Amino acid sequence: MVDAEMPARFMASADMAIAAGGMTVFELAALGIPVMILQIADNQVPIARAWQERGYGINMGYMGRLQPQDLQWELIALMRDAGRRKAMSTVGKQMVDGLGAQRVAEALLAAGV
């Protein structure tokens with residue numbers, strides 16, 4: 001999906017995803033959708049590594065250096081491993097609970113801002 005008009009609808013119906021390592025990964029994690037992360041910018045390198053280290057997301061490295069067969073192999077492996085997808089889903093939902101805006105608002109109110 002590139003520049004989709006209704007990305008939330010597509011995300012919510014997905015079993016897994018391939019995405020760049022930006023904010024979309026946070027949205028996918030909140031939905032519990034296992035993701036293969038492609039880095040398209042330098043600032044995504046540590047973020048993609050961190051997701052993988054915590055058990056959510058598969059860091060595929062820089063998109064420009066990725067070999068198509070490596071992506072294919074990893075995609076097939078993930079498709080065949082329901083246990084891994086379930087574990088990734090659980091970790092994603094634990095890491096991003098969707099309540100961040102509420103916590104920020106509460107902190108601002110408590111600080112009298």
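Just for region 13-52: of the residues that are closer than 19 Å to Met79 by Cβ and exposed (fewer than 12 other Cβ atoms within 10 Å of the Cβ), which one is modelled with the highest pLDDT? The extreme case among them is Asp15. When restricted to residues that are within 14 Å of Val25 (Cβ to Cβ) and either hydroxyl-bearing (Ser, Thr, Tyr) or exposed (fewer than 13 other Cβ atoms within 10 Å of the Cβ) (or both), region 79-97 contains 1.
Among the conditions (1) at pLDDT below 95; (2) surrounded by 14 or more Cβ atoms within 10 Å (Cβ to Cβ), Arg9 misses just one, which is (2). Residues in region 1-59 that are aliphatic (A, V, I, L, M), outside any loop (DSSP other than H, G, I, E, B), under 12 Å from the mean Cα position of the chain (by Cα) and under 23 Å from Arg84 (Cβ atoms): 18 in all.
The values are calculated or read from the model by the stated rules, or taken from the named source; none is laboratory data. Since this is a predicted model, take the numbers as computed values, not measurements. When we count neighbours, we look across all protein chains shown, and the Cβ atoms used for this are built from the backbone with ideal geometry, even at glycine.
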